[in-house]
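Below: one structure, written as structure tokens.
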Amino acid sequence: MKFFISLLRIIKSGVMNLRRNIWLAAASTLIMTITLIILSVMTLLFIITSYSVQSIQERVDISTYFKSDVSEARILVIRDELQGDSRIASVNYVSSAEARQNFEENNRDDQLIIDSLNELTDNPFPSTLQIKANNLEDYPAIANMLEESSYRDLIQEINFEDNRIIIERLNSLLTFIITFGLILMVVFCLIAILVIFNTIALTIYNRREEVEIMRLVGATNWYIRGPFLVEALTYSVIAAIITSALILPIYFQMLPKISNYLTPGANIFSGDIKIFLGVIVVQLIIAFILSAISSLLAMRKYLRI
Amino acid sequence: MIEFKKVTKYYNNHKALNNINLHVKQGEFISLVGMSGAGKSTMLKLLVGEEQLDDGSILIDDIDMTKIRKSDLPYLRRKIGVVFQDIKLLPKRTAFENVAFAMEVSGHTKEQINKDVPRILELVGLTHKTHNFPHEMSGGEKQRVAIARSLAHRPVLLLADEPTGNLDEINAAEVIDLLLKINELGTTVLLATHASDLVNKIKKRVITIEGGQITMEQEKGKYKL
């Protein structure tokens with residue numbers, strides 16, 4: 001009971017500190033908000049870029065088109081042979097009939113294409129082996145191996161769309177975001193700590209009489225320190241709420257569009273509420289840590305207990 | 001109740017207290033007299049743990065001040081009321097709120113505070129000033145609010161450090177009368193002062209300090225410096 005009465009009084013006193021210095025409170029909240037926005041934007045950029053890299057990686061494969069006179073049995077032998085290769089994750093056989101069916105399905109709304117396909121007497125689609133590698137780096141070697149294989153004559157075309165350049169670019173963008181983001185974060189965290197440190201130091205100065213009397217009449221250490229910590233933590237809570245409200249539309253509206261732009265046609269990133277909540281929790285934790293550090297430093301320096 | 005044993009205290013290289021031995025019994029009223037800088041305030045500060053002694057020991061009941069943990073000091077301070085020359089009231093709070101402040105700190109409920117504060121203000125004779133701010137009161141009244149605040153935790157010991165220092169004769173006499181009344185109600189009082197005529201009127205035990213040493217002890221004494 002006593003504990004809760006004291007806790008309530010500490011929180012009340014902390015909020016009162018904040019209201020007495022409303023402009024300083026505003027400055028502290030602002031700098032904390034900016035820090036959190038930078039953190040959130042960097043995190044979201046990181047998420048969307050790594051998501052793009054992943055979805056591009058999933059799309060990379062080597063399509064081996066066989067000449068129309070090669071029998072299915074021969075192709076399946078080659079498939080089994082390829083599956084024995086440790087670099088290869090999977091080999092998918094698509095027969096010419098299946099290929100035609102897939103094509104018709106994908107274009108069923110386009111009557112012109114279907115009509116012109118029906119004009120043909122032969123099936124124009126070759127039988128295909130779609131090869132996926134375990135590692136991105138292995139694709140050129142696998143493509144090379146196919147080129148030099150004994151059954152090269154049976155193959156009409158080896159189609160290997162080299163997406164590695166795009167992936168490399170995205171990866172270097174990812175590295176840039178991490179490096180630049182970390183530097184920016186460190187700088188703003190330091191600024192936030194300094195600003196909140198000064199705000200709390202000033203509050204301590206303004207309340208020095210009260211603190212002295214508190215000590216005199218037997219206030220415990222945490223009863224004296226509590227309000228200053230509450231004040232600093234309040235800045236982080238307000239900043240986290242503002243930041244969340246600002247990144248909410250970015251996350252659910254803009255990110256899917258950016259995702260579509262980066263990797264058109266791929267699995268489009270559609271805002272996952274779990275990731276969003278995760279971002280909010282992380283920023284709240286970081287804000288709490290920053291507030292706690294700066295207020296504890298200020299108390300250590302200026303508050304005589 | 002209080003036992004100073006060979007207490008020595010230095011401020012840098014200056015010896016503020018030199019080998020002080022003093023025994024205070026429960027319910028006593030003691031005047032500590034001496035000039036400014038004689039060491040009176042230092043003795044009071046040692047009693048509330050505001051300063052640490054360098055040699056000797058101080059016992060308050062069975063609490064050894066040389067061994068008390070820092071985290072236990074607040075609880076000790078609730079058993080000891082303190083009053084100062086510069087009063088130290090919160091200017092933006094009324095008499096009631098200033099006294100209530102002390103009770104809030106130790107987690108008393110609002111009901112207890114609303115019940116106790118008027119009683120304490122009545123004891124110090126300030127019921128009519130309950131809702132006045134410090135700047136609306138005379139020096140003596142302010143000091144009586146400060147005394148009321150120091151009584152909020154029903155202390156067993158009241159330390160008054162030059163409580164009449166800034167007051168005129170009439171107000172000073174009022175404050176001393178109040179301290180005597182509190183003493184009669186059972187609280188041990190230690191009054192540090194250099195106001196000789198007040199001490200002469202009190203007619204209780206007087207301890208004279210000079211240069212950090214006790215130079216005279218009298219029952220029902222007079223100020224002899």
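The values are calculated or read from the model by the stated rules, or taken from the named source; none is laboratory data. Note that the structure is predicted; figures quoted are calculated from it, not measured. Cβ coordinates were reconstructed from backbone atoms using ideal geometry, including for glycine residues, and neighbour counts include every protein chain displayed. These accessible areas exclude ligands, DNA and RNA; they are computed on the full protein's heavy atoms, side chains included. Shrake-Rupley method; radii C 1.70, N 1.55, O 1.52, S 1.80 Å.
Summary of values
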{"read-out": "So residue B:162, is it among the acidic types (Asp, Glu), surrounded by fewer than 21 Cβ atoms within 10 Å (Cβ to Cβ) and on the phi > 0 side of the Ramachandran plot", "value": "yes"}
{"read-out": "Residues that are over 27 Å from residue A:290 (Cα atoms) and more than 7 Å from chain B (Cβ to nearest Cβ), drawn from the stretch A:214-233", "value": "A:215"}
{"read-out": "Test result for residue A:27, out of contact with any strand residue (DSSP E or B) (no Cβ under 8 Å at 6 or more places or on another chain) and either part of a helix (DSSP H, G or I) or surrounded by fewer than 19 Cβ atoms within 10 Å (Cβ to Cβ) (or both)", "value": "yes"}
{"read-out": "Flag if residue A:12 is within 14 Å of another protein chain (Cβ to nearest Cβ), over 37 Å from the mean Cα position of the chain (by Cα), more than 30 Å from residue A:261 (Cβ to Cβ) and of a type outside the set (S, T, N, Q)", "value": "yes"}
{"read-out": "Leading residue by the ranking (farthest from residue B:61 (Cα to Cα)) among those in the stretch B:74-107 that are facing chain A (nearest Cβ under 9 Å) and of a type in the set (Ser, Thr, Tyr)", "value": "B:106"}
{"read-out": "Index of the failed condition, residue B:152 passing every other in (1) open to solvent by 20 Å² or more (accessible area, probe 1.4 Å); (2) part of a loop (DSSP other than H, G, I, E, B); (3) among the hydrophobic types (A, V, I, L, M, F, W, C)", "value": "(1)"}
{"read-out": "Residues that are at pLDDT 95 or above, open to solvent by 30 Å² or more (accessible area, probe 1.4 Å) and of a type in the set (Ser, Thr, Tyr), drawn from the stretch B:116-144", "value": "B:127"}
{"read-out": "Residue count for the stretch B:108-140, restricted to those that are touching a residue at least 24 places away in the same chain (Cβ under 8 Å), closer than 23 Å to residue B:173 by Cα, of a type outside the set (Lys, Arg) and away from chain A (no Cβ under 12 Å)", "value": "14"}
{"read-out": "From B:182, B:147, residue being within 22 Å of residue B:42 (Cα to Cα), crowded, with 21+ Cβ neighbours inside 10 Å and β-branched (Val, Ile, Thr)", "value": "B:147"}
{"read-out": "Selected residue [in contact with a Pro (Cβ under 7 Å, 6 or more places away or on another chain), surrounded by 21 or more Cβ atoms within 10 Å (Cβ to Cβ) and small (Gly, Ala, Ser)] from B:39, B:81", "value": "B:81"}
{"read-out": "Residues of the stretch B:16-31 satisfying the condition of being in contact with a Gly (Cβ under 9 Å, 6 or more places away or on another chain) and either surrounded by 16 or more Cβ atoms within 10 Å (Cβ to Cβ) or of a type in the set (Asp, Glu) (or both)", "value": "B:16, B:17, B:18, B:20, B:31"}
{"read-out": "Given (1) in contact (Cβ under 8 Å) with a residue 12 or more places away in the chain; (2) away from chain B (no Cβ under 14 Å), index of the condition residue A:54 fails", "value": "(1)"}
{"read-out": "Filtered residues of the stretch A:193-227 (kept if open to solvent by less than 10 Å² (accessible area, probe 1.4 Å) and more than 30 Å from residue B:147 (Cβ to Cβ))", "value": "A:196, A:199, A:200"}
{"read-out": "Some residue of the stretch B:165-185 being in a helix (DSSP H, G or I), within 14 Å of chain A (Cβ to nearest Cβ), in contact (Cβ under 8 Å) with a residue 12 or more places away in the chain and within 23 Å of residue B:104 (Cα to Cα)", "value": "no"}
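The rows are residues; the columns are (1) at pLDDT below 90; (2) within 18 Å of residue A:26 (Cα to Cα); (3) in a helix (DSSP H, G or I).
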| position | (1), (2), (3) |
| --- | --- |
| A:189 | no, yes, yes |
| A:193 | no, yes, yes |
| A:197 | no, yes, yes |
| A:205 | no, no, yes |
| A:211 | no, no, yes |
| A:230 | no, yes, yes |
| A:233 | no, yes, yes |
| A:246 | no, yes, yes |
| A:251 | yes, no, yes |
